[in-house]
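Each value in this text was obtained by applying a stated rule to the coordinates, not by laboratory testing. Computed from a predicted model, the values in this text were never measured in an experiment. Cβ placement follows ideal geometry from the backbone for every residue including glycine, while neighbour counts extend to all protein chains displayed.
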């Protein structure tokens, strides 16, 4: 049975030194990129698979639906992965559908709506809806370690500190 060693939200998905460092995390033998658009575009899918292979890890690009199926039917076989998605919403749905995640790193989310998105760390904009999803994942779905950190060498911000910015 496989497992998710680390889940990460980062709009850039696989990129540079961040992924090189994260892919060396103990026990990791694969990278799962979970994104509807990338998985359905042959060129983009191959681009991300090639980028991921530079880390030395097998890279699998799937839609959220396929990720759920692959967990439900095969428990990710023998893949101990870093699972990457562009949004909190994708991670939220995967966990609600039964994918067990214990560590979630929020690495990079750009501002989409200046009226509702709050800069919570140097590289993360978050809206209250996503903040509440993260709180729910932590409290109701056993995602115990949720933190904000753009790069492995950057300081971490805790979920508790970020939620305070929303008065939660």
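Show me the helices (runs of 4 or more DSSP H) found entirely inside segment 1-77 where at least 3 residues are out of contact with any helix residue (DSSP H, G or I) (no Cβ under 8 Å at 6 or more places or on another chain).
Helices (runs of 4 or more DSSP H) meeting the threshold: 16-22, 42-53, 64-74.
Filter segment 157-168 down to the residues that are over 17 Å from residue 116 (Cβ atoms) and either in contact with a helix residue (DSSP H, G or I) (Cβ under 7 Å, 6 or more places away or on another chain) or exposed (fewer than 14 other Cβ atoms within 10 Å of the Cβ) (or both) and list them by number. Walk me through how you get there before you give the answer.
Initial filter on segment 157-168 (over 17 Å from residue 116 (Cβ atoms)): 157-161, 164.
Passing the criteria: 158, 159, 160, 161, 164.
Within segment 7-21, can you find the residues that are buried (at least 21 other Cβ atoms within 10 Å of the Cβ) and in contact with a strand residue (DSSP E or B) (Cβ under 6 Å, 6 or more places away or on another chain)?
Pass one, segment 7-21, residues buried (at least 21 other Cβ atoms within 10 Å of the Cβ): 7-10, 13-14, 18-19.
Listed by number, the residues that qualify are 7, 8, 9, 10, 13.
Return yes or no: is residue 124 under 14 Å from residue 10 (Cα atoms), free of Cβ contacts under 8 Å to residues at least 40 places away in the same chain and buried (at least 20 other Cβ atoms within 10 Å of the Cβ)?
Working: under 14 Å from residue 10 (Cα atoms): yes; free of Cβ contacts under 8 Å to residues at least 40 places away in the same chain: yes; buried (at least 20 other Cβ atoms within 10 Å of the Cβ): yes.
Criteria met by residue 124.
Restricting the search to segment 134-143, which residues are surrounded by fewer than 21 Cβ atoms within 10 Å (Cβ to Cβ) and either in contact with a helix residue (DSSP H, G or I) (Cβ under 7 Å, 6 or more places away or on another chain) or more than 15 Å from residue 160 (Cβ to Cβ) (or both)? First the steps, then the outcome.
Filtering segment 134-143 down to residues surrounded by fewer than 21 Cβ atoms within 10 Å (Cβ to Cβ) leaves 135-136, 138-142.
Listed by number, the residues that qualify are 135, 138, 140, 141, 142.
Residues in segment 64-81: is at least one in contact (Cβ under 8 Å) with a residue 40 or more places away in the chain, buried (at least 22 other Cβ atoms within 10 Å of the Cβ), under 29 Å from residue 131 (Cα atoms) and in contact with a strand residue (DSSP E or B) (Cβ under 9 Å, 6 or more places away or on another chain)?
Yes, segment 64-81 contains a residue that is in contact (Cβ under 8 Å) with a residue 40 or more places away in the chain, buried (at least 22 other Cβ atoms within 10 Å of the Cβ), under 29 Å from residue 131 (Cα atoms) and in contact with a strand residue (DSSP E or B) (Cβ under 9 Å, 6 or more places away or on another chain).
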